[in-house]
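Undergrad: My questions will all concern the structure given below.
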């Protein structure tokens with residue numbers, strides 16, 4: 001499909017109330033773009049809400065395919081270049097899109113800045129970074145919003161506020177269809193960086209974000225999904241092949257799963273990791289990006305960032 005200008009894609013599932021806040025903010029953008037809502041089979045009246053936004057294109061799916069697979073379907077069906085992704089639980093400042101586009105010429109990926117809804121002076125996420133075991137973190141999480149000015153770019157954008165050059169996105173096959181939810185943006189960034197893609201940070205592309213509204217920050221459902229993705233990534237990228245890497249992974253993941261078991265009384269995260277590891281068996285190995293794309297984070301530092309993310313501002 002030929003490029004037809006910037007297109008914003010919003011995946012949703014039973015997110016009528018959240019879309020009711022997001023879509024008006026997209027009407028107020030200082031740059032024009034098509035808006036496409038990819039509906040993962042909502043049953044909460046989302047279609048009725050969208051009828052009040054005739055400028056929005058809807059790609060309706062019969063069932064919940066997950067975050068990345070749904071976006072792959074929508075992007076393939078509707079085209080657009082560059083591709084802009086937004087979570088349904090954000091509200092964009094008027095210059096959000098314009099600020100992304102201002103730096104897009106110099107990179108295949110651009111990360112926007114999500115601000116904490118409950119504390120808008122603080123950053124929720126300015127993209128994704130990862131340590132050498134591919135444990136992912138939200139870049140600049142908890143820092144004041146001014147910290148994004150002049151900050152180095154992250155590994156890649158978070159899927160909740162991202163821009164991708166369409167050619168680069170298609171060159172790596174888009175999102176991994178096996179990843180239902182969580183870590184799909186990190187996996188995409190790793191594959192793009194491996195192919196030489198660059199990422200820029202757009203500090204003025206800001207939006208308020210209501211953290212983890214879909215499954216809940218400490219729910220067994222979220223732990224199961226994040227656990228699966230973590231186990232899948234560990235095996236797919238061969239992180240455990242090196243003894244030092246294996247020791248760090250076992251220590252860190254053991255601490256995280258023990259914390260979930262003690263604090264939230266669930267082993268869903270552990271079971272998810274085992275299923276993800278199993279499901280990655282027999283698949284072609286993926287190569288890591290250049291070492292300078294990954295962050296040097298100590299084990300103690302990684303666990304501290306995990307704890308901080310569990311208790312959002």
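The values are calculated or read from the model by the stated rules, or taken from the named source; none is laboratory data. Quick caveat: nothing in here was measured; it's all calculated off a predicted structure. Using ideal geometry, Cβ is built from the backbone for each residue, glycine included, and neighbour counts are taken over all protein chains shown.
Undergrad: For residues that are part of a helix (DSSP H, G or I) and out of contact with any strand residue (DSSP E or B) (no Cβ under 8 Å at 6 or more places or on another chain), scanning just segment 139-185, find the one that is farthest from residue 117 (Cα to Cα). Write out each step before concluding.
TA: Step one: of segment 139-185, the residues part of a helix (DSSP H, G or I) are 145-148, 166-171, 184-185.
Among the residues that remain, those that are also out of contact with any strand residue (DSSP E or B) (no Cβ under 8 Å at 6 or more places or on another chain) are: 146, 167, 170-171, 184.
Numbers: 146: 16, 167: 33, 170: 33, 171: 35, 184: 23 Å.
Result: 171.
Undergrad: Give the residues of segment 3-39 that are part of a loop (DSSP other than H, G, I, E, B) and crowded, with 20+ Cβ neighbours inside 10 Å, sorted by residue number.
TA: 6, 13, 15
Undergrad: Do we find a residue being in a loop (DSSP other than H, G, I, E, B) and closer than 19 Å to residue 89 by Cβ anywhere in segment 189-210? Steps first, please.
TA: In the first step, residues of segment 189-210 are kept if they are in a loop (DSSP other than H, G, I, E, B); the result is 195-198, 210.
Subset that is closer than 19 Å to residue 89 by Cβ: 210.
There is at least one residue in segment 189-210 that is in a loop (DSSP other than H, G, I, E, B) and closer than 19 Å to residue 89 by Cβ.
Undergrad: Additional query: Only one of 234, 261, 303, 270 is surrounded by fewer than 16 Cβ atoms within 10 Å (Cβ to Cβ) and either within 19 Å of the chain's Cα centre (by Cα) or in a helix (DSSP H, G or I) (or both). Can you tell me which?
TA: Values: 234 fails: surrounded by fewer than 16 Cβ atoms within 10 Å (Cβ to Cβ); 303 fails: surrounded by fewer than 16 Cβ atoms within 10 Å (Cβ to Cβ); 270 fails: surrounded by fewer than 16 Cβ atoms within 10 Å (Cβ to Cβ).
When all the criteria are applied, what remains is 261.
Undergrad: Here is a follow-up. Residues of segment 40-68 being outside any strand (DSSP E or B), closer than 20 Å to residue 176 by Cβ and touching a helix residue (DSSP H, G or I) at 6+ places or on another chain (Cβ under 9 Å), which ones?
TA: Step one: filter segment 40-68 for residues outside any strand (DSSP E or B), giving 40-55, 61-68.
Of the ones still in play, those that are also closer than 20 Å to residue 176 by Cβ are 40, 61, 63-68.
Passing the criteria: 40, 61, 64, 65, 66, 67, 68.
Undergrad: Let me ask another. Go through segment 280-298 and report how many residues are surrounded by fewer than 16 Cβ atoms within 10 Å (Cβ to Cβ) and in a helix (DSSP H, G or I).
TA: 2
Undergrad: If I ask for residues that are closer than 20 Å to residue 176 by Cα and free of Cβ contacts under 8 Å to residues at least 24 places away in the same chain, which ones from segment 77-106 would you list?
TA: 77
Undergrad: Can you pull out every residue in segment 123-162 that is at positive phi and either in contact (Cβ under 8 Å) with a residue 60 or more places away in the chain or not assigned by TED's automatic domain parsing to the domain that holds residue 11 (or both)?
TA: If the condition is that a residue be at positive phi and either in contact (Cβ under 8 Å) with a residue 60 or more places away in the chain or not assigned by TED's automatic domain parsing to the domain that holds residue 11 (or both), then 127, 134, 142 are the ones that fit.
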